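To keep things clear, I will list the structure first and then write my remarks on it.
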Amino acid sequence: TPRVFSGIQPSGGLTLGNYLGALKRFADAQDRGIETLYCMVDMHAITVWQDPANLTRATRELCAGFIASGVDPEKSILFNQSQVAAHAQLAWVFNCVARMGWMKRMTQWKDKAGKNAENASLGLFAYPALMAADILVYHATHVPVGEDQKQHLELTRDIAIKFNNDFGTDFFPVPEPVIEGAATRVMSLRDGSKKMSKSDPSDMSRINLTDDADTIAKKIRKAKTDPEPLPEGPDGLAERPEARNLVNIYAALTDQTVAEVMAEQGGKPFSEFKPLLADLAVAKLAPISTEMARLMQDTSEIDAILRRGAERANAIAEPILQRTYDIVGMVR
Ligand code: AQP
């Protein structure tokens with residue numbers, strides 16, 4: 001039976017990229033009746049320094065973001081990673097299965113550690129092995145993520161395959177990435193070649209789920225574009241990353257294909273298209289930010305949801321961890 005796992009780091013505010021690439025699709029999967037586990041990956045977040053008070057707040061706010069985006073804590077298991085010890089325990093086994101060379105090839109490692117790799121944390125380097133544990137400790141079969149996580153997912157598959165080979169078993173299923181829809185890679189509003197990211201120094205580069213209506217409208221109005229109107233058809237977007245990005249966002253927000261959007265909007269100048277997109281973004285995001293603010297007023301409700309989620313997650317993960325230890329030969 002299919003089982004979906006995915007995670008988001010509580011390392012700052014949520015962006016439109018997180019919403020369209022992850023949260024919105026998480027709610028869709030849950031509503032198709034599939035078993036779904038969604039995790040606030042706080043242990044991934046601390047691979048780079050996090051102020052403790054911010055981490056606490058970001059974890060709760062992320063949980064609020066999941067719920068406000070339509071993830072139902074009854075239907076889905078919502079929890080934070082550090083509360084299910086099996087993630088870290090299985091990650092250690094996978095640290096011993098994965099190879100240094102695999103990790104060194106990860107583009108996110110190269111981007112985040114940069115030229116100063118000697119000073120990066122060991123955790124940042126080993127991040128993909130923990131991510132493999134996050135997924136495989138539930139025998140998850142499907143992992144909905146944005147395009148940027150594709151390489152890490154391949155490494156998870158490599159770890160599952162190597163573990164199975166090393167121990168002569170077929171214990172770990174090899175999970176499939178689910179990267180679909182018009183917004184698998186939402187780009188920066190200031191630079192069509194960079195992904196929209198919560199850590200971009202420019203706040204104008206992204207839309208935050210907590211932005212108010214005026215801010216959202218202003219950011220879209222000021223988004224970088226070329227001077228030409230939208231092309232008549234989708235083919236004309238190929239060489240125009242900024243225009244393509246805005247059309248992709250429009251398509252994802254309306255659950256349309258890019259071709260459908262172009263049939264409707266093709267030929268319009270940005271002076272007409274941007275206000276439409278701004279109104280649409282405000283209409284879709286305002287209820288989410290209102291609901292997040294409401295949930296954050298009483299964090300005891302959120303904490304109770306996370307606690308209950310961790311219990312349910314533990315009940316699945318613990319037997320899989322114990323079975324892994326048996327396969328490895330650890331006495332218990
Ligand atoms: N721009 C994006 N377009 C589509 N999907 C995206 N995701 C993130 N940015 C985009 C998806 O959101 C999920 C959670 O990501 P994360 O917060 O755990 O880590 P990240 O990808 O590293 O997010 P950021 O915003 O880019 O943070 P920083 O700047 O700290 O690296 C994933 O499914 C991801 O694909």
query: When only residues in region 39-48 that are within 11 Å of the ligand (Cβ to nearest atom) and β-branched (Val, Ile, Thr) count, which is surrounded by the fewest Cβ atoms within 10 Å (Cβ to Cβ)?
result: Val48
field: Candidates Met262, Met296, filtered to the one that is more than 24 Å from Leu14 (Cα to Cα), surrounded by 15 or more Cβ atoms within 10 Å (Cβ to Cβ) and not basic (Lys, Arg)
entry: Met262
- prompt: Which residues, taken from region 205-218, are more than 12 Å from the ligand (Cβ to nearest atom) and out of contact with any helix residue (DSSP H, G or I) (no Cβ under 6 Å at 6 or more places or on another chain)?
  reply: Asp211, Asp212, Asp214, Thr215, Lys218
field: For Lys24: the one exception among (1) more than 9 Å from the ligand (Cβ to nearest atom); (2) farther than 14 Å from Gly146 by Cβ
entry: (2)
query: Arg3 is checked against (1) within 16 Å of the ligand (Cβ to nearest atom); (2) surrounded by fewer than 21 Cβ atoms within 10 Å (Cβ to Cβ); (3) more than 16 Å from the chain's Cα centre (by Cα) and fails just one. What number does that condition carry?
result: (1)
- line: Out of (1) farther than 30 Å from Phe270 by Cα; (2) in a helix (DSSP H, G or I); (3) touching a residue at least 40 places away in the same chain (Cβ under 8 Å), the one Thr169 does not meet is (2)
- request: Report the residue count in region 184-193 for those that are near the ligand (Cβ under 9 Å from one of its atoms) and either out of contact with any Lys or Arg (no Cβ under 8 Å at 6 or more places or on another chain) or part of a helix (DSSP H, G or I) (or both).
  value: 1
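Any idea which residue in region 7-21 is surrounded by the most Cβ atoms within 10 Å (Cβ to Cβ), counting only those that are outside any helix (DSSP H, G or I) and within 6 Å of the ligand (Cβ to nearest atom)? Break it down stepwise before answering.
Step one: of region 7-21, the residues outside any helix (DSSP H, G or I) are 7-15.
Still in the list and also within 6 Å of the ligand (Cβ to nearest atom): 8-9, 11, 15.
Values: Ile8: 22, Gln9: 22, Ser11: 20, Thr15: 24.
Among residues in region 7-21 that are outside any helix (DSSP H, G or I) and within 6 Å of the ligand (Cβ to nearest atom), the one surrounded by the most Cβ atoms within 10 Å (Cβ to Cβ) is Thr15.
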- prompt: Do we have any residue at all in region 88-106 that's within 21 Å of Leu209 (Cα to Cα), in contact with a Ser or Thr (Cβ under 8 Å, 6 or more places away or on another chain) and surrounded by 17 or more Cβ atoms within 10 Å (Cβ to Cβ)?
  reply: no
field: Thr36 vs. criteria away from the ligand (no atom under 12 Å from the Cβ), at pLDDT 95 or above, at negative phi and in contact with a strand residue (DSSP E or B) (Cβ under 6 Å, 6 or more places away or on another chain)
entry: yes
statement: Pro177 meets each of (1) under 24 Å from Gly13 (Cα atoms); (2) within 12 Å of the ligand (Cβ to nearest atom) with one exception, condition (1)
message: Checking His142 against (1) more than 10 Å from the ligand (Cβ to nearest atom); (2) over 24 Å from Ile320 (Cα atoms), only one condition comes out false. Which one?
response: (2)
- prompt: Hey, does region 188-199 have a residue that's surrounded by 20 or more Cβ atoms within 10 Å (Cβ to Cβ), out of contact with any strand residue (DSSP E or B) (no Cβ under 7 Å at 6 or more places or on another chain), outside the structural domain of Arg25 (by TED's automatic domain parsing) and of a type outside the set (Gly, Ala, Ser)?
  reply: yes
- line: Gln149 fails exactly one of (1) polar (S, T, N, Q); (2) buried (at least 19 other Cβ atoms within 10 Å of the Cβ); (3) at pLDDT 95 or above, namely (3)
- line: Pairs returned, first residue in region 35-63 that is farther than 24 Å from Thr290 by Cβ and small (Gly, Ala, Ser), second residue that is at pLDDT 95 or above and within 11 Å of the ligand (Cβ to nearest atom), beta-carbon separation under 6 angstrom, 6 or more apart or interchain, are Ala45/Gln9; Ala45/Pro10
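The values are calculated or read from the model by the stated rules, or taken from the named source; none is laboratory data. These numbers come from a predicted model, not from an experiment. Cβ: placed from backbone, ideal geometry, glycine included. Neighbour counts: every protein chain shown.
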